[in-house]
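Asker: I have a structure I would like to understand better, so I am pasting it below and will then ask my questions one at a time.
The values are calculated or read from the model by the stated rules, or taken from the named source; none is laboratory data. Because the structure is predicted, anything quoted here is derived from the model rather than measured. All Cβ positions, even for glycine, are placed from backbone atoms using ideal geometry, and neighbour counts span all protein chains on display. These area figures cover heavy atoms from the full protein model, side chains too; ligands, DNA and RNA do not enter into them. Shrake-Rupley method; radii C 1.70, N 1.55, O 1.52, S 1.80 Å.
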Amino acid sequence: MDVILLGTGSPIPSPHRAGPATLVKAGGVNLLADCGRGVVMRLAAVGVGPAAISAVLLTHMHSDHITDLNDIITTHWVMNTAPQPLKVFGPKGAEALVEATLAMLAFDVKYRIDHHADLNAGPVVETTELEPGDSFSVSDCAITAYQTDHSPVFPTLGYRIEHAGGVVALAGDTVPCAGLDALCKDADVYVQTVIRDDLVRRVPLQRLQDILDYHSTVEQAAQTAERAGVRTLLMTHYVPNLIPGQEEVWREIARPHFNGEIVLGDDLISVSVAAKA
Ligand SMILES: [Zn+2]
Ligand SMILES: [Zn+2]
């Protein structure tokens with residue numbers, strides 16, 4: 001498996017960081033976790049067209065994680081020469097989100113059907129709402145949804161992906177919790193969205209201070225990784241935006257709490273998991 005951070009940004013605009021989205025390539029399968037700002041551009045950078053997305057896994061419905069779902073739906077639809085449903089998995093509310101997104105796209109869908117003789121139907125999205133503990137397969141990838149804690153945002157899910165003996169834990173936005181520990185147990189790669197609370201606390205804006213109570217700090221991500229026996233901690237969704245050249249500063253904050261490998265950096269940074277089976 002390859003885990004590729006398509007976007008390492010957050011709602012805070014950055015010219016260098018796309019919004020949160022992570023690609024897991026496993027065999028011939030392309031699993032896209034979240035659809036943040038610029039996701040289709042970043043997919044193009046790694047040679048994966050929207051038509052090649054096997055499934056979309058949504059962690060929660062915060063705008064930074066879903067803002068370009070509409071672009072995935074549209075490009076998956078128009079770039080597939082044969083009609084092919086887009087599979088979307090997410091927590092309760094995902095169906096309403098997809099319906100609303102399709103409603104937003106209705107003008108475009110009509111224009112394209114009217115214009116292209118070989119396009120006779122709109123995008124088909126197969127949405128599955130999951131509860132914590134639900135498991136499903138996409139080709140030979142086994143995926144299980146876990147409860148995370150991003151309260152007051154509810155519900156939120158993390159995804160454990162198992163393929164060829166390897167395990168990837170995609171946590172999304174969450175503070176440490178029992179569900180997160182179970183999700184990450186003995187994972188090869190644990191992807192965690194993080195904030196630097198030491199930097200956020202210095203900004204005299206209440207709206208920024210509000211985010212402190214529902215994200216893992218860099219230290220907490222490292223502590224979760226250590227507790228769960230993770231091999232590699234892959235940090236993303238840097239708040240505030242990670243300034244290039246400051247990677248080592250972030251790594252040093254995590255280091256005392258975790259003995260494994262710590263990876264962070266620019267968009268498109270990736271970690272490979274060797275097949276064990
Ligand atoms: Zn969130
Ligand atoms: Zn977020």
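Asker: Give all pairs with beta carbons closer than 6 Å in which a residue from the stretch 251-277 that is without any contact (Cβ under 8 Å) to a residue 40 or more places away in the chain and closer than 18 Å to Gly166 by Cα meets a residue that is open to solvent by 60 Å² or more (accessible area, probe 1.4 Å) and assigned to a loop (DSSP other than H, G, I, E, B); count only pairs at least 6 apart in sequence or on separate chains.
Answerer: Gly260/Arg231
Asker: For the stretch 154-189, which residues satisfy the criterion of being in a helix (DSSP H, G or I) and within 16 Å of ligand 2 (Cβ to nearest atom)? I'd like the intermediate steps shown before the answer.
Answerer: Taking the stretch 154-189 as the starting set, the residues that turn out to be in a helix (DSSP H, G or I) are 178-184.
Once the filter is applied, which keeps residues that are in a helix (DSSP H, G or I) and within 16 Å of ligand 2 (Cβ to nearest atom), the stretch 154-189 yields only Leu180.
Asker: From the list Val191, Val200, pick out the single residue that is over 28 Å from Val24 (Cα atoms) and touching a residue at least 40 places away in the same chain (Cβ under 8 Å).
Answerer: Details: Val191 fails: over 28 Å from Val24 (Cα atoms).
Among Val191, Val200, only Val200 is over 28 Å from Val24 (Cα atoms) and touching a residue at least 40 places away in the same chain (Cβ under 8 Å).
Asker: Going residue by residue through the stretch 150-168, is there one that turns out to be touching a residue at least 40 places away in the same chain (Cβ under 8 Å), open to solvent by 60 Å² or more (accessible area, probe 1.4 Å), within 16 Å of ligand 1 (Cβ to nearest atom) and over 19 Å from His257 (Cβ atoms)?
Answerer: Kept after step one, since they are touching a residue at least 40 places away in the same chain (Cβ under 8 Å), are these residues of the stretch 150-168: 150-153, 155-159, 161, 163-168.
Next cut, open to solvent by 60 Å² or more (accessible area, probe 1.4 Å) only: 151-152.
Next cut, within 16 Å of ligand 1 (Cβ to nearest atom) only: 151-152.
So of that shortlist, the ones also over 19 Å from His257 (Cβ atoms) come out as 151-152.
Yes.
Asker: Among all residue pairs at least 6 apart or on different chains, which show Cβ distances below 9 Å where the first residue, located in the stretch 112-135, is hydroxyl-bearing (Ser, Thr, Tyr) and the second is surrounded by fewer than 16 Cβ atoms within 10 Å (Cβ to Cβ) and modelled with pLDDT under 95?
Answerer: The qualifying pairs do not exist here.
Asker: Could you tell me whether the stretch 97-119 includes any residue that is within 16 Å of ligand 2 (Cβ to nearest atom), within 24 Å of Asp266 (Cα to Cα) and either in a strand (DSSP E or B) or of a type outside the set (Lys, Arg) (or both)?
Answerer: Of the stretch 97-119, the ones within 16 Å of ligand 2 (Cβ to nearest atom) are 97.
Now restrict to residues that are within 24 Å of Asp266 (Cα to Cα): none.
Checked against the condition, which is being within 16 Å of ligand 2 (Cβ to nearest atom), within 24 Å of Asp266 (Cα to Cα) and either in a strand (DSSP E or B) or of a type outside the set (Lys, Arg) (or both), the stretch 97-119 yields no hits at all.
Yes/no matrix, rows are residues, columns are (1) among the polar types (S, T, N, Q); (2) within 16 Å of ligand 1 (Cβ to nearest atom); (3) touching a residue at least 12 places away in the same chain (Cβ under 8 Å); (4) in contact with a strand residue (DSSP E or B) (Cβ under 8 Å, 6 or more places away or on another chain):
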| site | (1), (2), (3), (4) |
| --- | --- |
| Thr22 | yes, yes, yes, yes |
| Gly27 | no, no, yes, yes |
| Leu32 | no, no, yes, yes |
| Val40 | no, no, yes, no |
| Ser54 | yes, no, yes, yes |
| Thr74 | yes, no, yes, no |
| Trp77 | no, no, yes, yes |
| Gly90 | no, yes, yes, yes |
| Leu102 | no, no, yes, yes |
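Asker: Another question, if that's okay. Which one of Thr232, Thr193 is open to solvent by less than 70 Å² (accessible area, probe 1.4 Å), β-branched (Val, Ile, Thr) and within 16 Å of ligand 2 (Cβ to nearest atom)?
Answerer: Working: Thr232 fails: within 16 Å of ligand 2 (Cβ to nearest atom).
Testing whether each residue is open to solvent by less than 70 Å² (accessible area, probe 1.4 Å), β-branched (Val, Ile, Thr) and within 16 Å of ligand 2 (Cβ to nearest atom) leaves just Thr193.
Asker: Given the structure, is Arg207 more than 16 Å from ligand 1 (Cβ to nearest atom), over 21 Å from Glu162 (Cβ atoms), free of Cβ contacts under 8 Å to residues at least 24 places away in the same chain and surrounded by fewer than 20 Cβ atoms within 10 Å (Cβ to Cβ)? Spell out how you get there, then give the answer.
Answerer: Numbers: more than 16 Å from ligand 1 (Cβ to nearest atom): no; over 21 Å from Glu162 (Cβ atoms): yes; free of Cβ contacts under 8 Å to residues at least 24 places away in the same chain: yes; surrounded by fewer than 20 Cβ atoms within 10 Å (Cβ to Cβ): yes.
Spelling it out, it is not the case that Arg207 is more than 16 Å from ligand 1 (Cβ to nearest atom), over 21 Å from Glu162 (Cβ atoms), free of Cβ contacts under 8 Å to residues at least 24 places away in the same chain and surrounded by fewer than 20 Cβ atoms within 10 Å (Cβ to Cβ).
Asker: Additional query: In the stretch 120-145, what count of residues is obtained for those that are in a strand (DSSP E or B), open to solvent by 50 Å² or more (accessible area, probe 1.4 Å) and not polar (S, T, N, Q)?
Answerer: First, the residues of the stretch 120-145 that are in a strand (DSSP E or B): 125-130, 135-138, 141-145.
Now restrict to residues that are open to solvent by 50 Å² or more (accessible area, probe 1.4 Å): 126, 128-129, 135, 137.
Those left that are additionally not polar (S, T, N, Q): 126, 129.
Matching residues across the stretch 120-145 total 2.
Asker: With the condition kept exactly as written, say whether any residue in the stretch 59-70 is over 29 Å from Tyr238 (Cβ atoms) and more than 16 Å from ligand 2 (Cβ to nearest atom). It would help to see each step written out before you state the result.
Answerer: Going residue by residue through the stretch 59-70, those that are over 29 Å from Tyr238 (Cβ atoms) are none.
So far as the stretch 59-70 goes, no, none of its residues is over 29 Å from Tyr238 (Cβ atoms) and more than 16 Å from ligand 2 (Cβ to nearest atom).
Asker: Regarding Ser10, is this residue within 16 Å of ligand 2 (Cβ to nearest atom) and over 14 Å from the mean Cα position of the chain (by Cα)? Walk me through it before giving the result.
Answerer: On the way: within 16 Å of ligand 2 (Cβ to nearest atom): yes; over 14 Å from the mean Cα position of the chain (by Cα): no.
Taking the combined requirement at face value, the residue does not satisfy it.
Asker: Can you tell me which residues in the stretch 261-277 are crowded, with 18+ Cβ neighbours inside 10 Å and either part of a loop (DSSP other than H, G, I, E, B) or more than 23 Å from the chain's Cα centre (by Cα) (or both)? Give the steps one after another, and end with the answer.
Answerer: At the first step, the residues of the stretch 261-277 found to be crowded, with 18+ Cβ neighbours inside 10 Å are 262-265, 267, 271, 273.
Selection gives Leu264, Gly265, Asp267, Val273.
Asker: Within the stretch 80-88, can one find any residue that is more than 16 Å from ligand 1 (Cβ to nearest atom), touching a residue at least 60 places away in the same chain (Cβ under 8 Å) and within 14 Å of the chain's Cα centre (by Cα)? Walk me through how you get there before you give the answer.
Answerer: Let us first name the residues in the stretch 80-88 that are more than 16 Å from ligand 1 (Cβ to nearest atom), namely 80-88.
Of the ones still in play, those that are also touching a residue at least 60 places away in the same chain (Cβ under 8 Å) are none.
Looking for residues that are more than 16 Å from ligand 1 (Cβ to nearest atom), touching a residue at least 60 places away in the same chain (Cβ under 8 Å) and within 14 Å of the chain's Cα centre (by Cα), one finds none in the stretch 80-88, hence no.
Asker: Counting only residues that are over 29 Å from Pro240 (Cα atoms), give me the helices (runs of 4 or more DSSP H) lying completely in the stretch 1-89 with at least 1 of them.
Answerer: Details: elements: 39-45, 63-66, 69-78.
Counting at least 1 such residues, we get 69-78.
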